[in-house]
Amino acid sequence: MIHIDQYAYANRLRAVHPGEKLAFAAITAGICLASPSLIGQLAILMTMAAATVAIVGIPWRFYLKLMLVPAAFLLAGIVTVAVSFSSQPDPGLHGIDLWGFAVGIRDRDFVVASSLVARSLGTVSCLYFLSLSTPMVEIIGVLKRCRVPAVLVELMTIIYRFIFVLMETTRQIHTAQVSRLGYHSLSASYRDLGQLTSCLFHRSMLKSQMLFVTLSSRCYSGEIRVLEPRRRLSLRRGLLIGGIDAVLLAVALATRGWQRW
Amino acid sequence: MVGPILEVVDVHFAYPDGTQALAGMSLTIERGSKVVFLGPNGAGKTTLFLQLNGILRPSQGVVRFDGNDLRYDRRSLMELRKNVGIVFQDPDSQIFSASVLQDISFGPFNLGMSEEEVRGRVQGALAAVGIESIADRPTHFLSLGQKKRVAIAGVLAMEPQVIIFDEPTSSLDPKTAKQLLILLDDISRDGKTVVISTHDVDIAYSWADRVYVLESGRVADAGTPQEIFLDEAMLERVDLTQPWIVDVWRELRDNGYLPPNALLPRTKSALLALIRSRLCHSFRITDLVSERAAINERG
Ligand SMILES: Nc1ncnc2c1ncn2[C@@H]1O[C@H](COP(=O)(O)OP(=O)(O)OP(=O)(O)O)[C@@H](O)[C@H]1O
Ligand SMILES: [Mg+2]
């Protein structure tokens, strides 16, 4: 989380208008979700990964590690989709025989599962492109200009900021506990974790009250207005984005029929 | 323009849980002065500051700004807060945005300025606290000293007449604390009234025009730094130590190294200058030693 944020503030696309990056990520993710073809999804995954590593300038090792996070969840998910059991011998099931049960994968399920994986990773790659290239504050700024309700925008601003305050507070409480032999056994761990949680909750309440006081002292009157950074939209980049997405869409449509074995 | 800018007259205040935080506090803050509030934990410094800014309201007594009693309707409060800014002790509870620029621009926008004016104010504030170079960094990656500066810039950008700092130097390293005091002096030189609370008697002694000592929600003593820190009985009573400059000066005077009427210096350099000037006029320890040797030799 912290690292993602650091890259968001220091990458090669930092000076690019956030609207362009958001549009690129959102449109591509849309194509990926709607794409009827596995090849199309893989093409998106490859394009986005390449863009993130080569253009945004994220080290590929770090990028791979990030990709492993959703991959782990996916693995657990697709096993249930792909693997089937059968009590009778089933010629359609490629697999092994286990105490009279046939355990294996059907062709159709394999297609579904692989398309699920490709679709998820493809969409995640779009999300990563955005979050590794654009600070949250700027994304929120674009949403604001897109007429997202002010309440939501303000909430996002404050929540985002306080995620970090909360993490820091958690770290402090945890250190305080560990330095006094907290978490030394399983039962102690349960108890200490409970205390950490309740302490965190309490402090968060205090912090939110305090925030209201501090905002009020700066003449807060129910609306948060702030400066947005000035960034220029570039026609050239806009055309590039349009071109790439058009190609990706064309690939997705052209390869539509390929995966029916 | 002299005269009081803020007055607190017999203010009482209790928190909802019943804690009597202010119990008949009265004081006056002169326009353009540098005021320090001292006092043990729980003496009521923070509570007093929240009163001065209209966040809390006295249950009895009045607070005056510019000679007028505070009123607590929205418009009057806005007007007050435009003129009296507070920099809170914990910058993390004051900085609400992940962007330095956005946080600083919040106050000026609330004053109803145009975007161009706000940009000007923000640039000015950034320059005043010397953090132009970090304007583009996210607030959660800043050091504590930098965050304090961002918080200060956020208040400075509103250009209030009075700026209150709640424990500005606490948990700062000595160098950062020193830079901060220089910044406070700069702000004061701009004609602003600067009010701080601190537990550091050395800072209070060297920096303030006027010192208030609070204790249990009341003013225990008030005066110039010299008056306050020569009152040993009072200091003892409220558990304050003496600034080292006063300690050294007293020691030298009481042992005859300084004349009884020597003036109490305010700063370290003034004290050193005083000592040096005395050394020129009096004997030196080395003279004493050689005289002694001569006596011994004679038997
Ligand atoms: N939100 C609150 N609710 C209830 N009691 C409070 C609250 N804030 C402060 N108090 C109490 O009011 C009294 C005065 O507190 P205050 O914070 O003004 O002291 P202080 O001089 O700022 O102390 P410190 O040096 O610790 O900051 C204390 O007894 C404190 O416990
Ligand atoms: Mg306090």
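Send over the Kirkwood Rh of the protein assembly as shown, from the inverse of the averaged 1/r over different Cα pairs, rounded to one decimal Å.
Values: mean 1/r = 0.0346 Å⁻¹.
Taking the inverse mean of 1/r over all distinct Cα pairs, the protein assembly as shown comes out at 28.9 Å.
Assuming R0 = 35 Å, what is the FRET efficiency of residue B:62 and residue A:4, from their Cβ-Cβ distance, to the nearest 0.05? Provide the component values of the computation, followed by the final result.
Numbers: r = 52 Å, r/R0 = 1.49.
With R0 = 35 Å, the Cβ-Cβ based efficiency is 0.10.
Mind checking the alpha-carbon convex hull of chain A and giving the volume per residue in Å³?
On the way: hull volume 51.5 nm³, N = 261.
In chain A, the Cα convex hull volume per residue is 197 Å³.
Sequence neighbours fewer than 8 away in the same chain don't count; with that in mind, list the lysines whose C-alpha is under 28 Å from residue B:192.
Within the straight-line limit of under 28 Å, residue B:192 reaches these lysines: B:34, B:45, B:82, B:147, B:148, B:175, B:178, B:268.
Quick one: Debye curve from the alpha-carbon atoms of the range B:119-161 only, equal weights, vacuum; give me log10 I(q)/I(0) at q = 0.29, 0.32 Å⁻¹ to two decimals.
-1.05, -1.21
Please rank A:126, A:146, fewest neighbouring Cβ atoms within 10 Å first, as an exposure proxy.
A:146, A:126
Looking at the protein assembly as shown only, what percent of DSSP beta bridges run antiparallel? Nearest 5 please. Please list the in-between numbers first.
Working: 31 of 48 bridges.
Counting only bridges with both partners in the protein assembly as shown, antiparallel ones make up about 65 percent.
Given axes a ≥ b ≥ c from the Cα gyration tensor, I'd like to know whether the range A:149-229 is rounded (a/c under 1.5), prolate (a/b larger than b/c) or oblate. Can you show the working numbers first?
Working: a/c = 3.25, a/b = 2.79, b/c = 1.17.
Taking the square roots of the gyration eigenvalues as a ≥ b ≥ c, the range A:149-229 is prolate.
Taking R0 as 45 Å, what FRET efficiency do you get between residue A:197 and residue A:79 from their Cβ-Cβ distance, rounded to the nearest 0.05? Write out the running numbers ahead of the final one.
Values: r = 32 Å, r/R0 = 0.71.
It comes out at approximately 0.90.
Between residue A:86 and residue A:176, what length in nm is gained on full extension when 0.36 nm per residue of separation is reduced by their alpha carbon distance?
Numbers: separation 90, 0.36 × 90 = 32.40 nm, distance 5.43 nm.
Working it through step by step, the gained length comes to 27.0 nm.
Just B:132, B:30, B:167 to compare: in a GNM of chain B, with alpha carbon springs under 10 Å, which one fluctuates most?
Comparing B:132, B:30, B:167 in a Gaussian network model of chain B, the most mobile one is B:132.
List B:199, A:94 from most exposed to least, where exposure is judged by having the fewest other Cβ atoms within 10 Å. Please report the intermediate quantities before stating the final value.
Numbers: B:199 15, A:94 12.
Going from sparsest to densest Cβ surroundings: A:94, B:199.
Got a sec? How would B:103, B:90, B:66 order by Cβ neighbour count within 10 Å, fewest to most? Let's see the in-between values first.
On the way: B:103 27, B:90 19, B:66 16.
The order, fewest Cβ neighbours first, is B:66, B:90, B:103.
Every number here is computed from the coordinates shown, using simple stated rules; none is lab data. Just so it is clear, the structure is predicted and the values come from calculations on it, not from any experiment. Note that each Cβ is placed from the backbone with ideal geometry, even for glycine, and that neighbours are counted across all protein chains shown.
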